[in-house]
Amino acid sequence: MELDKTLRAQLDRGRRIGCIVLSGGSTLDHNIDPVADVAALRDRLVQEYGLDHRPPIHVDTVNGWVWLLFRDHDFNADPLSLDPSVIAVCERARDQIAELRHADSFAADFHKTGLCPYATSMYVCKNAAELRSLHRVDVDDGRDESFGDVHAHHMTLENSRPANGVVSAWAMLAKLGSSGLRRYVAMLMTQGLYLRDRAAQHYPEHFEVLNTHANFHATVVLLRLVSPMLDFDDLLSDDEARHMHNRLAHAFFRWLDVEQPGIAPLIGIVPRYRVERTGKPITAFLLYPMSPELDRERCDRLLEELIAGKRMFLGMYARRPAPHIAASPPPPR
Ligand SMILES: Cc1ncc(COP(=O)(O)O)c(C=O)c1O
């Protein structure tokens, strides 16, 4: 494991490891790191190096927390009547996130797939003493503390931070309960997988789905703007086509905003999809359903309107290429 090498390299240099932060499901690819394996590795290293501390493991589950809702859900007696493909994805993600019990802390964002306004975040720590260790014990020793050192929360409940995140999470949970939230997540997954499948199967000349295996409802597509034949991998090996594609993708996104205001809010742009892995930025688009109102008919309409928009845009671009594209700031190269 790469992490093994990295941790050993630090320990061999006499460094202390403050914390190991793992992915508990990113938005686009939703990779969930193997928490149990990392915890076993951490424990092995503590023993081997005779460490006087046990580096805590934090998992960034600000998206992936939703799979905890399915912990006791019986898909066989499923009141949600889900498609087997949706059940398969939910079960896979649920099983991966179950490893969270090996972590020391995790976080949940209720403003991500929890119907709450920004920012509604929760931090959960296994050992309450760790959390309390943030509190100092020497606050009431009469020392004269100046700005920045003052820990007012030790002295009074009065403070100037808003409680609206806490209240909105409480209201959402009280209103929907875990079964309501599960239903919402299952609906989003159904729409997301439908969009992904529909784009790939019915419109392959327009879309290449890039995050095919993501256990999440976000769909990343390459909109084929340069040629219906060019895939993501082809663009990686053809710099000229890649620059052309990126320029067109950014210009198209801006054009949608002005010319197709009905579609513009429904799609997002991903300027540098997987650039960490490929080293070459390629601009993709994001279809990220969030509304329980989005049924199959609306999903179909969205894809068709995107295709119609693309045709119109490319028609215009063919007529007056230089000024239209030149008006756009340069995309990532
Ligand atoms: C995995 C993950 N962690 C952290 C963040 C940051 O969240 P926020 O912008 O709500 O602070 C995001 C944002 O999408 C995310 O996907």
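The values are calculated or read from the model by the stated rules, or taken from the named source; none is laboratory data. All of these numbers come straight from a predicted model, not from anything done at the bench. In this analysis, Cβ positions are derived from the backbone assuming ideal geometry, glycine residues included, and neighbour counts consider all displayed protein chains.
Values as computed for the structure displayed
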item: Matching option when the condition is modelled with pLDDT of 95 or more, touching a helix residue (DSSP H, G or I) at 6+ places or on another chain (Cβ under 9 Å) and part of a helix (DSSP H, G or I), among 198, 183; result: 198
item: Hey, residue 83 among the acidic types (Asp, Glu) and at pLDDT 95 or above or not; result: no
item: Qualifying positions in region 66-90 - part of a helix (DSSP H, G or I) and in contact with a helix residue (DSSP H, G or I) (Cβ under 8 Å, 6 or more places away or on another chain); result: 66, 67, 68, 69, 70, 85, 86, 89, 90
item: Residue in region 164-173 that is loosely packed, with under 11 Cβ neighbours inside 10 Å and out of contact with any Asp or Glu (no Cβ under 7 Å at 6 or more places or on another chain) present; result: no
item: Of residues in region 109-123 being within 11 Å of the ligand (Cβ to nearest atom) and in a strand (DSSP E or B), the one modelled with the highest pLDDT; result: 109
item: Spans of helices (runs of 4 or more DSSP H) in region 245-326 with at least 1 residues at pLDDT below 90 and surrounded by 13 or more Cβ atoms within 10 Å (Cβ to Cβ); result: 296-319, 321-326
item: Answer from 87, 20, 32 - the residue that is within 16 Å of the ligand (Cβ to nearest atom) and free of Cβ contacts under 8 Å to residues at least 40 places away in the same chain; result: 20
item: Odd one out for residue 25, checked against (1) within 16 Å of the ligand (Cβ to nearest atom); (2) free of Cβ contacts under 8 Å to residues at least 60 places away in the same chain; result: (2)
item: Enumeration of residues in region 26-76 that are within 30 Å of residue 173 (Cα to Cα) and hydroxyl-bearing (Ser, Thr, Tyr); result: 26, 27, 61
item: Residue within region 234-244 that is at pLDDT 95 or above, within 30 Å of residue 190 (Cβ to Cβ) and crowded, with 20+ Cβ neighbours inside 10 Å present; result: no
item: Positions within region 242-280 being of a type in the set (Gly, Ala, Ser) and either assigned by TED's automatic domain parsing to the domain that holds residue 30 or within 22 Å of residue 212 (Cβ to Cβ) (or both), in sequence order; result: 249, 268, 279
item: Within region 11-20, tally of residues that are surrounded by fewer than 14 Cβ atoms within 10 Å (Cβ to Cβ) and of a type outside the set (Lys, Arg); result: 4
item: Filter pass, residue 8 being of a type in the set (Lys, Arg), more than 16 Å from the ligand (Cβ to nearest atom) and not in a helix (DSSP H, G or I); result: no
item: Residue 86 vs. criteria closer than 30 Å to residue 40 by Cβ and β-branched (Val, Ile, Thr); result: no
item: Of the criteria (1) within 16 Å of the ligand (Cβ to nearest atom); (2) at pLDDT below 95, which one residue 71 fails; result: (1)
item: Among (1) more than 11 Å from the ligand (Cβ to nearest atom); (2) of a type in the set (A, V, I, L, M); (3) more than 23 Å from residue 290 (Cα to Cα); (4) surrounded by fewer than 19 Cβ atoms within 10 Å (Cβ to Cβ) - the single one residue 80 does not satisfy; result: (3)
item: Single unsatisfied condition, residue 60 versus (1) within 27 Å of residue 6 (Cα to Cα); (2) buried (at least 16 other Cβ atoms within 10 Å of the Cβ); (3) more than 15 Å from the ligand (Cβ to nearest atom); result: (3)
